[in-house]
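Undergrad: One structure coming up, written as C-alpha cells, with questions to follow.
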Amino acid sequence: MEAVGPESRGVAVAIIPARGGSKGLPGKNVMRVGGVSLVGRAVAAARAAATVGTVVVTTDDPEIAQAASTAGAIVVDRPAELAGDTATSESAVLHALDDLRARGLPEASVTLFIQATSPFLDPADLDSAVVRIATGDADSVFSAVPSHAFLWRVLEASPDHGWESAAAGVNHDAAVRARRQDRPAEFRETGAFYAMRTRGFRAAGHRFFGRIAVQRVPELHGIEIDTASDLVIAQALVNLIDGPVHAIEADAVVTDFDGVHTDDTAIVGEAGVEFVRVSRSDGHGVASLREAGIPVLILSAETHPLVSARAAKLGVEVRQGVADKGAELRAWAAERGIPLDRIAYLGNDRGDLPALRIVGWPVAVADAVPDVQRVARIVLDRRGGHGAVRELADAVLAARRVREHRPAQGGRDADRAAAAPPREIPDDLASVITLEGA
C-alpha cells in the first residue's frame, strides 16, 4: 500500500451512484451483507479511507437516500434521466460533481467512483488508488484481480439444441497448454472502484483516460453483486472476510426469549408446569447494561408467566404475545426516540427476522437457524441460554467505553457509519433466487 502522507489526506471526493431500479436483483443496493446494506458498507469504507474528505451517494431512491444519510454520506438527488437502464455511471458521477460545485464546495482534485454492489471494500485499497493519482503516478486507477484463466469465444452456436458447435481460444493458443506459472497474469476488472484525476475525468467524460493503472485487490474482494447467486455467495463469505466484531455501537438492546435467554428446551412436570434453563452469566450482562443506562427489552411471541418472571428478575421491560416483532420494535423505538440503526437485536429463529431486518445491529446466537445467521451482522460464539446475552452485552459496553475515551473526530468517526434499515429480504433462499428473473 502507498503511504498516505499529509499532502494526500482528504484530497478525494468519493461518489457512490446507487439507483433504485435494478432488473436483475430488485432493491439490491439496500440488501444486506453481514447485516449491513450494500450502500451502507460502501459509505463506511469510503469514510474510513484517510484520502477521502467527502462521501456522496447519488440516488433516485428515497430508501437508498435514507440509508446513505444515516451512514454519514451527503445525498445528491439523481435526476430520472440519469437513473434509467441506459444511463451511464459516468453521467451520474459528473452530475454529483456539478451538484457539489453548485453548493459552493471546493472541487476535489481526485474523484473516487465507488460501486455499492461490491461489498468487500478495503479502505487501504481505496487509499492506495487515490495516492497514485494524487502523486502523479497515474490519471486513472481501477480495481482488479489477477487472472490466469483460459478464455474462449464461441464462433458458432446452436441455440435450438442448447450447445456451442465451435469455439476458439481468446488469450491462448489451444495447442499449447502452458502452465499457470509460465503465463503472465491478466487482470479482471472488479468494478469496485475507480480513482480519477477530476480535471481529466471532466474533460474525457469517461473513467478511463490518460495513464491507466491497475490497483490489485484480494481475489475474495472482487465479488460484485449483480444476481441473487452473487448475493448468496457474499453472504456466505462475509464472516470470513470481515472478521470478528468485538464492539457494537448500540444505544439499546432488544432480545427474543426462547432460544436466546434459554436453550430453547423446557422441562414439563407431571402437573403440566414448565421449567426452562437460563444463564446467570446472561443476568450479569443485563445488569451491566442497565447500570450503563442502556435500555433492554424482551420481545416474545408467546405469553407465559416464565417470561414475565424472568423479565421481572432482570428488571427489564417485556412485551409478550407479539405477532409481528418488527412492527412492535418500531413502535417501542419511536416511543423512546431511539433510532433503529442504533439498536442491537438478538434472535435465533425465523420469527425474529422482521426485527432483525430493521435494526442497525442484527445479531444471532451461535445456534440460530441459517436464515437468521444469513441476515445477521454478527453471529455470536455462544449459544442461546449459554451466555449469548452476556456476550452481546459485553460487546455493546466495549463500544461504549471506546466512545467515551475517544477524542472528537469532527464527524469522521467511521465506527458510526452503520447502515439504515434495508428493504425487506425474502425469508428463504428459494425466493431470493427467484428474484433473478424478476
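The values are calculated or read from the model by the stated rules, or taken from the named source; none is laboratory data. These numbers were taken from a predicted model, which means no experiment stands behind them. So basically every Cβ, Gly included, is an ideal-geometry build from the backbone, and we count neighbours across all protein chains shown. Surface areas here come from the heavy atoms of the whole protein model, side chains and all, with no ligands, DNA or RNA. Shrake-Rupley method; radii C 1.70, N 1.55, O 1.52, S 1.80 Å.
Undergrad: What are the lysines whose alpha-carbon lies under 25 Å from the alpha-carbon of K325, with same-chain residues fewer than 8 places away excluded?
TA: The reachable lysines, counting only those whose Cα sits under 25 Å from K325, are K28, K313.
Undergrad: Here's a follow-up. Just the number, please: carbon plus sulfur as a percent of the accessible area of the chain, 1.4 Å probe, no ligands or DNA/RNA counted. Walk me through the numbers on the way to the answer.
TA: Details: 10150 of 19790 Å².
After summing per-atom areas, the C and S share lands at 51 percent.
Undergrad: Then there's this: Tell me the trypsin sites (Lys or Arg not before Pro) within region 1-110 that lie in a loop according to DSSP and have at most 14 other beta-carbon atoms within 10 Å. Write down the numbers at each step before the final one.
TA: On the way: sites: R9, R19, K23, K28, R32, R41, R47, R101, R103; in loops: R9, R19, K23, R103.
In loop regions of region 1-110 (DSSP not H, G, I, E or B), the sparsely surrounded trypsin sites (Lys or Arg not before Pro) are K23, R103.
Undergrad: Moving on. For region 71-181, what's the relative contact order in percent, using C-alpha pairs closer than 8 Å and at least 6 residues apart? Kindly include the intermediate steps, with their values, before the conclusion.
TA: On the way: 65 pairs, mean separation 13.6, N = 111.
So the answer I get is 12 percent.
Undergrad: If you fit an axis through the alpha-carbon atoms of helix 38-48 and take the longest principal axis of the Cα set of the chain, what angle between them do you get, 0 to 90°, nearest 10?
TA: Rounded to the nearest ten degrees, it is 80.
Undergrad: Now a separate question. How would you rank 304-316, 363-375, highest first, on the average number of other Cβ atoms within 10 Å across their residues? Please list the in-between numbers first.
TA: On the way: 304-316: 15.9, 363-375: 22.3.
Highest-to-lowest ranking by the protection proxy: 363-375, 304-316.
Undergrad: I would also like to ask the following. Would you mind working out the accessible area per residue for the chain, using a 1.4 Å probe, and quoting it in Å²?
TA: Numbers: 19790 Å² over 438 residues.
Computed with neighbouring chains in place, this is 45 Å² per residue.
Undergrad: Taking N as the number of residues in region 132-266, what is its alpha-carbon radius of gyration divided by 2.2 N^0.38 Å?
TA: Values: Rg = 23.4 Å, N = 135, 2.2 N^0.38 = 14.2 Å.
Dividing the Cα radius of gyration by 2.2 N^0.38 Å gives 1.65.
Undergrad: So what's the angle, to the nearest 10 degrees on a 0 to 90 scale, between helix 62-71 and the longest Cα principal axis of the chain?
TA: The helix 62-71 is inclined about 80 degrees to the chain.
Undergrad: OK, next. Give the calculated FRET efficiency between A323 and H284 to the nearest 0.05, with a Förster radius of 35 Å applied to their Cβ-Cβ distance. Don't skip to the end; give the middle numbers.
TA: Values: r = 32 Å, r/R0 = 0.91.
The computed FRET efficiency comes out at 0.65.
Undergrad: Ignoring everything except DSSP H segments at least 4 long, calculate the 222 nm mean residue ellipticity for the chain; use -39,500 (n - 2.57) per segment, divide by total residues, nearest 500. If you can, show how the numbers build up before the last one.
TA: On the way: 13 runs with 137 residues, N = 438.
When only DSSP H runs of four or more count, the value is -9500 deg cm²/dmol.
Undergrad: Also: By how many degrees, between 0 and 90 and to the nearest 10, does the Cα long axis of helix 89-102 differ from the longest principal axis of the chain?
TA: Relative to the chain, helix 89-102 is tipped by roughly 80 degrees.
Undergrad: For region 23-89, what does the relative contact order come out to in percent, with C-alpha contacts under 8 Å and a separation of six or more? Mind showing how you got there, number by number?
TA: Values: 71 pairs, mean separation 17.4, N = 67.
Relative CO of region 23-89 lands at 26 percent.
Undergrad: Separate question: Name all residues of region 250-273 having a backbone nitrogen under 17 Å from the label point set 7 Å from the Cα of H304 along its Cα→Cβ direction, giving them as ranges.
TA: Hits in region 250-273 for H304 at 17 Å: 255-273.
Undergrad: Only Cα pairs under 8 Å and at least 6 apart count here; give the relative contact order of the chain as a rounded whole percent.
TA: Numbers: 921 pairs, mean separation 83.8, N = 438.
That works out to 19 percent.
Undergrad: Just grab the label-to-label distance for E7 and R277, each label 7 Å out from Cα along the Cβ direction, in nm (one decimal).
TA: Distance between label points: 6.5 nm.
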